[in-house]
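Asks: Starting off with a structure, shown below.
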Amino acid sequence: MGSATRQALAASKAALAANGSSAELATGEQLLAVARVISGSPQLASALLDSAETEVAAKIIGRVFASQSDAVRSILASIVGERWSSADDLIAGVEEVGIRAVASSGSSVPIESELFAFAAAVASDAELELAVGSKLGATDQKAALVRRLLGSKVSRQTLAILEHLVQTPRDRRIGELVSFAATVVADQAGFSIATVTSAAPLGQAQLDRLAAGLAATYGRSLRINEVIDSSVIGGVRVQVGDDVIDGSIATRLNELRLQLAG
């Protein structure tokens, strides 16, 4: 991510907060719908990226997104008004702000936990992963499949995010999509996600100590996303954002093999 995009994203998040519409689920859903429209039209994405003049951007937004609420058009105008490094970054920015709006609309259950549960279910079922992650299927059919599978089993917020993700993968695998969304949801709530991969489930006391240690290191609260993977053999692999702490036996053995081969 370039410096221009980082600054644009920070300003866009501030625009969402300043708009005062963070409690409206519909605002987030509409922003995600806008992201899908822009993603599906390279010409529109380029026009919005190149519309340096506020009046030009306002005309495009007013013409293309007339059916969206005033709040959504206002937030979108703020996003488009920033300087993005590329059209892809602009689309990703609209998407992230939409996810943040959905996440801040309130839910009785942790949205990130529901997202990770869906990711785990997909990873364990090759047919399901192909159905929701293939480039070949119609996007509306993928969204319909998510609705049939989850229905009332998850919050409306989680369902809205997942329906969007399967419709707009943008060359991202389903696991990557859900991990990204969960990270955004967590950040919007003021904490980070630590993905802990081990060969067998860790005890609650171990998880609590690990969470406390990571919180002290990163200076903010963390929630653990535990992944069981027998290929790590033993030990644990911890990932927080782009940081990876790999203490798995599989990695140590691989490093030893490389040393012996050298």
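Asks: Checking SER231 against (1) open to solvent by 70 Å² or more (accessible area, probe 1.4 Å); (2) among the hydroxyl-bearing types (Ser, Thr, Tyr); (3) over 30 Å from LEU136 (Cβ atoms), which test does it fail?
Replies: Single failed check for SER231: (3).
Asks: Taking region 52-61 on its own, how many of its residues are exposed (fewer than 12 other Cβ atoms within 10 Å of the Cβ) and either at pLDDT 95 or above or within 16 Å of SER41 (Cβ to Cβ) (or both)?
Replies: 0
Asks: Filtering region 74-90 down to residues that are in contact (Cβ under 8 Å) with a residue 40 or more places away in the chain and in a loop (DSSP other than H, G, I, E, B), which residue is least open to solvent (accessible area, probe 1.4 Å)?
Replies: This residue is TRP84.
Asks: Further question on the same structure: Considering (1) modelled with pLDDT of 85 or more; (2) under 20 Å from the mean Cα position of the chain (by Cα); (3) within 27 Å of SER108 (Cα to Cα), say which one ALA18 fails and leave the rest.
Replies: That leaves (2) as the condition not met.
Asks: Of everything in region 34-73, what is out of contact with any Leu (no Cβ under 8 Å at 6 or more places or on another chain), part of a helix (DSSP H, G or I) and either touching a residue at least 24 places away in the same chain (Cβ under 8 Å) or among the aromatic types (Phe, Trp, Tyr) (or both)? Give them in sequence order.
Replies: Across region 34-73, the qualifying residues are ALA35, ARG36, SER39, PRO42, SER46, THR54, ALA71.
The values are calculated or read from the model by the stated rules, or taken from the named source; none is laboratory data. All figures in this text were calculated on a predicted structure; none of them were measured in a lab. Every residue, glycine among them, receives a Cβ derived from its backbone with ideal geometry; neighbour counts consider all protein chains shown. SASA here: full protein model, heavy atoms, side chains in, ligands and nucleic acids out. Shrake-Rupley method; radii C 1.70, N 1.55, O 1.52, S 1.80 Å.
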